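The values are calculated or read from the model by the stated rules, or taken from the named source; none is laboratory data. This is a predicted model, so every value here is computed, not measured. Note that each Cβ is placed from the backbone with ideal geometry, even for glycine, and that neighbours are counted across all protein chains shown.
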Amino acid sequence: MKLIGSYTSPYVRKISVILLEKNIAFELVNASPWSNDANVTAVNPLGKVPVLVNSRGESIFDSPIIAEYLELTYPEPPLLPADRLDALRVRQIEALADGVTDATMAIVRECVRGAGEQNENVLLNQRDKIRRGLDALERHAREGLRLNGPVLTLADIAVACTLGFINYRRVMPNWCVDRPVLVTLVERLFARTSFARTAPPVAATLYGAEML
Ligand SMILES: N[C@@H](CCC(=O)N[C@@H](CS)C(=O)NCC(=O)O)C(=O)O
């Protein structure tokens, strides 16, 4: 099993954490989607990471599809409930977390442009998405059912990767104010070996697009 990408990508981190939690052996093939890296385009026409290449040489991409594939092929320990509708609800939280990551990434991309070239509306719009998304995640975490419940789920993993990325890029340093349950949740998750082993490298530049 090969995983194409790097830990600077929160989507790659999400898949790595799943692989580690399920105790699946894999090799991380370090590749950047920003430099037309043939390691990426050869396995994903969209040129995005993560891509998982299984032992049959099949490539699987887009992190929710990879997560679903791993759940189907390596069901233990389960990261989704057995009931399909309940599983969909957990995946809805994953989609929300991924959407917050998308918005964070859009801000980072905008900040790569020179100060005078940045579009203030884009920045405000994306910040609003992050704020609303995190408020909704805080409510889910307070419920303690599909997120922040007694059993680790795909939602927990996706949310922790999103918050790790916001911290890493310092896009919204005050996100923790008024979101105490999310704070406790990520502190607990970051202490797990799977998260410790997949922490992004210290950023050389804060807004280097090549490091997304
Ligand atoms: N929805 C995709 C998003 C993947 C994604 O956007 N990855 C970024 C790196 S963090 C990428 O490869 N970007 C390159 C590009 O957009 O061309 C997923 O969940 O896998």
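Table: residues versus (1) buried (at least 18 other Cβ atoms within 10 Å of the Cβ); (2) under 30 Å from Leu80 (Cα atoms); (3) outside the structural domain of Lys14 (by TED's automatic domain parsing).
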site	(1), (2), (3)
Met105	yes, yes, yes
Arg109	no, no, yes
Glu120	no, no, yes
Asn125	no, no, yes
Asp128	no, yes, yes
Gly133	yes, yes, yes
Ala136	no, yes, yes
Arg139	no, yes, yes
Arg142	no, yes, yes
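Selection of the range 183-207 for residues being more than 22 Å from Val29 (Cβ to Cβ), of a type in the set (Phe, Trp, Tyr) and modelled with pLDDT of 95 or more yields only Phe190. I need a count of the residues in the range 17-45 that are more than 9 Å from the ligand (Cβ to nearest atom) and under 22 Å from Ala103 (Cβ atoms). Residues in the range 17-45 being more than 9 Å from the ligand (Cβ to nearest atom) and under 22 Å from Ala103 (Cβ atoms): 1 in total. Inside the range 62-104, residues that are within 10 Å of the ligand (Cβ to nearest atom) and either of a type in the set (Phe, Trp, Tyr) or closer than 18 Å to Pro150 by Cα (or both) make up a count of 1.
Which of the residues spanning the range 57-83 are touching a residue at least 24 places away in the same chain (Cβ under 8 Å) and among the charged types (D, E, K, R)? Glu71, Glu76, listed by residue number. Among the conditions (1) closer than 19 Å to Ile4 by Cα; (2) surrounded by 14 or more Cβ atoms within 10 Å (Cβ to Cβ); (3) not acidic (Asp, Glu), Ile93 misses just one, which is (1).
Would you confirm whether or not the range 46-56 contains a residue that is within 13 Å of the ligand (Cβ to nearest atom), more than 14 Å from the chain's Cα centre (by Cα) and free of Cβ contacts under 8 Å to residues at least 40 places away in the same chain? Yes.
All of Leu147, Leu152, Leu189 fail the test of being surrounded by 21 or more Cβ atoms within 10 Å (Cβ to Cβ), within 26 Å of Asp62 (Cβ to Cβ) and over 13 Å from the mean Cα position of the chain (by Cα), apart from Leu147.
If you go through the range 24-39 and keep only what is of a type outside the set (D, E, K, R) and under 20 Å from Thr198 (Cα atoms), you end up with Ile24, Ala25, Phe26, Leu28, Val29, Asn30, Ala31, Ser32, Pro33. Within the bounds of the range 32-43, is there any residue that is farther than 28 Å from Arg170 by Cα, buried (at least 21 other Cβ atoms within 10 Å of the Cβ) and of a type outside the set (D, E, K, R)? Yes, the range 32-43 contains a residue that is farther than 28 Å from Arg170 by Cα, buried (at least 21 other Cβ atoms within 10 Å of the Cβ) and of a type outside the set (D, E, K, R). State yes or no: is Ser59 outside the structural domain of Thr193 (by TED's automatic domain parsing), near the ligand (Cβ under 10 Å from one of its atoms), under 27 Å from Thr153 (Cβ atoms) and not acidic (Asp, Glu)? It is false that Ser59 is outside the structural domain of Thr193 (by TED's automatic domain parsing), near the ligand (Cβ under 10 Å from one of its atoms), under 27 Å from Thr153 (Cβ atoms) and not acidic (Asp, Glu).
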